[in-house]
Structure formats: structure tokens, C-alpha cells
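These notes are about the structure you will find just below.
What follows is calculated from the coordinates using simple rules that are stated; it is not laboratory data. The shown structure was predicted, so the numbers you read here are calculated from the model rather than taken from an experiment. Cβ atoms come from the backbone with ideal geometry, glycine included; neighbour counts cover every protein chain shown.
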């Protein structure tokens, strides 16, 4: 149980004053994901193109495939960003 409490605390840590925590980053990406889900439901025959930074798209891709607790997502995000980063100008289809 204590490990869970530590992870929740870690997800709230910021690297700098102006930086966002992983929780804030997650909230931003999840809000965007929910907007896309709504668009896909209301306009199922439309194509949607998203252009963004690699880290944003990396977390978006993880969330799109499988929603999990934020502590697990933080670990998966870190592993993917190190081992399989989304490169600039990279194209992928969900």
C-alpha cells in the first residue's frame, strides 16, 4: 500500500516551476482523447489528423490502446519514450 501512495506523490512532482506534472500532462492528453472519442462518435465517417509533439502522442497512443491507473501509465510512458519514441514527422494510424 505504501508504494501506491509514493507513486501517486511522484506523479504530481514537477521538474521546474513552469513545467507540468505527469498528472497534469495526463489530464491534458486524456481530455484531448475524450474530445476525439466524441468526434469519432458524432462523425464516424470523417478522418481526423492530429499533429503534435512526440511525448503527447506517445501518451495518447498508450491511453488509446488501454486505460490503466496513472501510476502504471507513468511507467509505460517512460519505457516507451526511451525504447520506442515517436519521432518528429512520424506518421501512425490508430
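Structure data summary
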item: On Cα atoms only, tilt of 2-11 relative to the major axis of the chain in degrees; result: 60
item: MRE, 222 nm, helices only [DSSP H, n ≥ 4, -39500 (n - 2.57), over the chain, to nearest 500]; result: -19500 deg cm²/dmol
item: For the stretch 2-83, Kirkwood radius (reciprocal of mean inverse C-alpha pair distance, Å); result: 14.0
item: On Cα atoms only, tilt of 54-65 relative to the major axis of the chain in degrees; result: 80
item: Folded to 0 to 90 degrees: helix 70-83 orientation relative to the chain principal axis, Cα; result: 70
item: Among 66-74, 14-22, the order from most to least packed when residues are scored by Cβ within 10 Å on average; result: 66-74, 14-22
